[in-house]
1. Which numbered condition in (1) open to solvent by 30 Å² or more (accessible area, probe 1.4 Å); (2) out of contact with any Phe, Trp or Tyr (no Cβ under 7 Å at 6 or more places or on another chain) is the only one that THR146 fails?
2. Quick one: in region 113-149, of everything that is touching a strand residue (DSSP E or B) at 6+ places or on another chain (Cβ under 6 Å) and β-branched (Val, Ile, Thr), which residue is farthest from SER39 (Cα to Cα)?
3. Of all helices (runs of 4 or more DSSP H) completely enclosed by region 1-110, which ones contain at least 3 residues that are at pLDDT below 85 and not β-branched (Val, Ile, Thr)?
4. Could you figure out which of (1) in contact with an Asp or Glu (Cβ under 8 Å, 6 or more places away or on another chain); (2) buried (at least 16 other Cβ atoms within 10 Å of the Cβ) isn't true of HIS125?
5. Can you pull out the residues in region 63-99 that are among the polar types (S, T, N, Q) and closer than 19 Å to LYS117 by Cα?
6. Search region 33-60 for residues that are under 21 Å from PRO153 (Cβ atoms) and open to solvent by 30 Å² or more (accessible area, probe 1.4 Å) and pair each with any residue that is among the β-branched types (Val, Ile, Thr) and part of a loop (DSSP other than H, G, I, E, B) when their beta-carbon atoms are under 8 Å apart and the residues are at least 6 apart or on different chains.
7. Quick one: would you say LEU85 is closer than 26 Å to PRO177 by Cα, of a type in the set (A, V, I, L, M, F, W, C) and open to solvent by 40 Å² or more (accessible area, probe 1.4 Å)?
8. Out of (1) open to solvent by 10 Å² or more (accessible area, probe 1.4 Å); (2) in contact with a strand residue (DSSP E or B) (Cβ under 9 Å, 6 or more places away or on another chain); (3) polar (S, T, N, Q), what's the single condition that is false for THR159?
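The values are calculated or read from the model by the stated rules, or taken from the named source; none is laboratory data. Everything numeric in this text was worked out from a predicted model, so none of it was measured. Don't worry about glycine lacking a Cβ; one is built from the backbone with ideal geometry, like all the others, and counts go over all protein chains shown. Note: accessible area is taken over every heavy atom of the protein model, side chains too, but ligands, DNA and RNA are not part of it. Shrake-Rupley method; radii C 1.70, N 1.55, O 1.52, S 1.80 Å.
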Amino acid sequence: TIESLCRFSDAAPREEPEHGLYLDGHYFGLWVMKTMPRSTWAHTMDAFFALSIPGLRVVVNMEPLSVEKELQHEEDRYSKLMSNLDAKNPSLQSEVGLEKHRERARRLMSNKVLPFKAQVLAVVHDRTREGLDSKMEAVRAAMAKTGAEPYRPVLPTSTLAFYNCATPSFGPWMKYPDYWHKIDDANLANLWCTGTTPIGELERADWIADGDL
């Protein structure tokens, strides 16, 4: 479409066997959380804040889910586990699963949690391939420190699709389904990168420079 040509006419894949995009004189690479962190708390994303590297953008796309559908899902799973229970051959996994689904249903019914699905991406860029590769390794290590499994897309088409997902004001409406994870709002809040802002401290800046310093 004309919109795609205007936004990505200059986008080109990096030369094989390297992965990523070349756009506006910069090399871009990205990582996606293939799995969510094992647990979330107030300092889950501290590993990213500790990087202090330019050209890094961490994006958390969020979409609310239906409470009624999630309750139905918990009920279906509970019923299936109940049917698997056998007094002669007890299953510890089924017993634990029952408690898990019972507790989540109780929290949903009491409005203590709200269900979401989320996608977490990290985009980094640099003017040189070597600089990008160094930053990519640092971002991979930071993502792994959160307890999540990092994933780096290989195909140019998937790289561009994930890049679209991470584009402000554009990504939240992308219908690219890969690596969206169910998560409750209490845990999702800990993944928000509240220490950053798109405008920074422009109102208090003494001067603004165009380009690298």
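1. (1)
2. Ranking the qualifying residues of region 113-149, first place goes to VAL124.
3. Values: elements: 2-8, 46-49, 67-84, 92-109.
Answer list for region 1-110: 2-8, 92-109.
4. All conditions are met except number (1).
5. Start the filter on region 63-99 by keeping residues that are among the polar types (S, T, N, Q), which leaves 66, 72, 79, 83-84, 89, 91, 93-94.
Passing the criteria: SER66, GLN72.
6. VAL58/THR196
7. Numbers: closer than 26 Å to PRO177 by Cα: no; of a type in the set (A, V, I, L, M, F, W, C): yes; open to solvent by 40 Å² or more (accessible area, probe 1.4 Å): yes.
Judged against the criteria, LEU85 is not a match.
8. Going through (1) open to solvent by 10 Å² or more (accessible area, probe 1.4 Å); (2) in contact with a strand residue (DSSP E or B) (Cβ under 9 Å, 6 or more places away or on another chain); (3) polar (S, T, N, Q) one by one, THR159 breaks only (1).
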